[in-house]
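For reference, the structure discussed in these notes is given below.
The values are calculated or read from the model by the stated rules, or taken from the named source; none is laboratory data. Keep in mind that what you see is a predicted model, and the values were worked out from it rather than measured. Using ideal geometry, Cβ is built from the backbone for each residue, glycine included, and neighbour counts are taken over all protein chains shown.
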Amino acid sequence: MRLPGLSVLVVFFLIATDPASAAGQAADRIAAGKALAVAADCVACHTVQGGQPFAGGLAMPLPMGDIYSTNITPDRQTGIGNYSEQDFANVLRKGLRRDGGNLYPAMPYPSYTKFSDDDIANLYAYFMQGVAPVRQPNRAPDFPWPLTMRWPLKIWNALYLREGAYVPKPGRDAEWNRGAYLVQGAAHCGTCHTPRGIGMQELAYDETGVGYLAGAPLAGWQAFNITHDRDAGIGTWTTAQIVQYLRTGNVPGKAQAAGPMAEAVEHSFSRMSERDLNAIAVYLSTVAAATGADTAPRSTQGRPTDDYVAIRAAAAAGGRTPAGASLYLDHCASCHGMTGAGTTDGFFPSLFANSAVGTATVSNLLQVVMHGASVNNGTTHYFMPAFQTELDDDEVVTLVNYLSERFGNGRARVSAAEVAKIRTAPAH
């Protein structure tokens, strides 16, 4: 039996609710895209300090000169406002601009290529509808000709780009696959933590490749080995400790984030969901161990010092005090304590049982002494002042080598030439 009145009512209901439903779906896409942009840490490279979000202009030093991040706001003149969703996908998966020109792989498209179609659509919705347009012209690279030519990048892509969305691994559960998708793709952990080859390509893009996440130098810092190796990597860390480090940048007795990692915590990891952080930790806990220069866990090195007792005795007797110990007491002890144990709450970390001091590579310790450290995880702001203007090169050498000897593994050493190089390089 036909019910025309009911049919009309149903049609009216569908028409009346459809706009709201469409608006809700659009809002969901924008929200999902924003979460992905956070996971990908887009703001870190595409925003200068004090500038408009995603308007570009951040200098990225390379051996041949500086390149500058681009405007990725939806402005039609200077941003990506004229990009179609396919144009946008080509940027992420192929490293291609709308005009077909190649991007430099400082843009981590070798990782972003693993985005799913749905996530690319979500990101596109966010950048086109959830980001304010900013009219700010892009800046050309500071390269001499012929290094400005981009056609060689086509060869680079042919040799090194492994294009294609992430394919879930059979035999692994959903949480592991989610972690793999994030680590290999959006979070692009390998961009910093995987060694590079002769073409400046990452040696591996997933856990099946040799050297994946085995650690690498990065703009004067050392991105640590984050494989499951118990000595060189994070094999002694629990998944809960990995999550805590990503969320806060601080795990007392293990490590504190500084430099580029502190930026990643501040802009990205601290804003991600607990579900995604747990997935990342689960995946990292399974990455095959890769050995390195550290032959014992970085966080088990060193011991507290009682040098302050000898200094007081020498001062009382009118004798000469050791230079390293004096510099430590003058510049470090007020926060890290007379013995180097830090504070009980971990706000000011212990200098022994500390990754930056316990490693065989002095890079990170030197950077922190020179440039300081800062990480704001949204709840707590951990910080350390810079000493590059207070200490000359010889004093920095003396202090850093003292810290390594007293609180670290004792093998790491820095020279005056290394200090001078760091002093003149841009801070990161």
Checklist entry - Looking at T339, T344, which one is at pLDDT below 95, of a type in the set (V, I, T), part of a loop (DSSP other than H, G, I, E, B) and over 15 Å from E405 (Cα atoms)? => result T344
Next on the checklist: Condition first: of a type outside the set (G, A, S), touching a residue at least 24 places away in the same chain (Cβ under 8 Å) and outside any loop (DSSP other than H, G, I, E, B). Now tell me which residues in the range 94-113 satisfy that.
Outcome noted: K94, N102, Y109, P110, Y112
Checklist entry - Quick check: is even one residue across the range 21-30 part of a loop (DSSP other than H, G, I, E, B), modelled with pLDDT of 95 or more and closer than 22 Å to M272 by Cα? => result no
Item to check | Filtered residues of the range 224-251 (kept if surrounded by fewer than 18 Cβ atoms within 10 Å (Cβ to Cβ) and assigned to a loop (DSSP other than H, G, I, E, B)) | outcome: R230, D231, G235, T236, T238
Checklist outcome for this item: Going through the range 62-108 in order, the residues found to be in contact with a helix residue (DSSP H, G or I) (Cβ under 6 Å, 6 or more places away or on another chain) and closer than 24 Å to G220 by Cα are S69, P108
Checklist entry - Do any residues in the range 177-203 that are over 20 Å from F224 (Cβ atoms) have Cβ atoms under 6 Å from those of residues that are in a loop (DSSP other than H, G, I, E, B) and aliphatic (A, V, I, L, M), where the two are at least six apart or on different chains, and which pairs are they? => result A186/A40
Next on the checklist: Considering only residues that are under 12 Å from L284 (Cα atoms) and touching a Ser or Thr at 6+ places or on another chain (Cβ under 7 Å), which ones fall in the range 208-241?
Outcome noted: Y212, L213, A214, H228, D229, G233, T239
Checklist entry - Within the range 69-87, which residues are buried (at least 17 other Cβ atoms within 10 Å of the Cβ) and out of contact with any Cys (no Cβ under 6 Å at 6 or more places or on another chain)? => result T70, N71, I72, T73, P74, D75, T78, G79, I80, Y83
Next on the checklist: I'm told L218 meets every condition in (1) modelled with pLDDT under 95; (2) in the same structural domain as Y83 (by TED's automatic domain parsing) except one. Can you identify the failing condition by its number?
Outcome noted: (2)
Checklist outcome for this item: Within the range 167-223, residues touching a helix residue (DSSP H, G or I) at 6+ places or on another chain (Cβ under 6 Å), of a type in the set (F, W, Y) and assigned to a helix (DSSP H, G or I) come out as W176
Checklist entry - On the given criteria, is N122 in a helix (DSSP H, G or I), in contact with a Gly (Cβ under 6 Å, 6 or more places away or on another chain), buried (at least 16 other Cβ atoms within 10 Å of the Cβ) and at pLDDT 95 or above? => result yes
Checklist outcome for this item: Within the range 178-224, restricting to residues that are polar (S, T, N, Q) and touching a Phe, Trp or Tyr at 6+ places or on another chain (Cβ under 8 Å), the one that is farthest from N354 (Cα to Cα) is Q201
Checklist outcome for this item: Quick count over the range 272-300, residues being buried (at least 18 other Cβ atoms within 10 Å of the Cβ) and under 27 Å from E175 (Cβ atoms), is 14
Next on the checklist: Of everything in the range 272-293, what is over 21 Å from E207 (Cα atoms) and not in a helix (DSSP H, G or I)? Give them in sequence order.
Outcome noted: M272, S273
Checklist outcome for this item: By residue number, the members of the range 69-88 that are touching a Leu at 6+ places or on another chain (Cβ under 9 Å) and in a helix (DSSP H, G or I) are D87, F88
Checklist entry - When the residues of the range 398-418 are filtered to those that are among the aliphatic types (A, V, I, L, M) and farther than 11 Å from V362 by Cα, which remaining residue is modelled with the highest pLDDT? => result L399
Checklist entry - Quick check, is R97 modelled with pLDDT of 90 or more, among the charged types (D, E, K, R) and on the phi < 0 side of the Ramachandran plot? => result yes
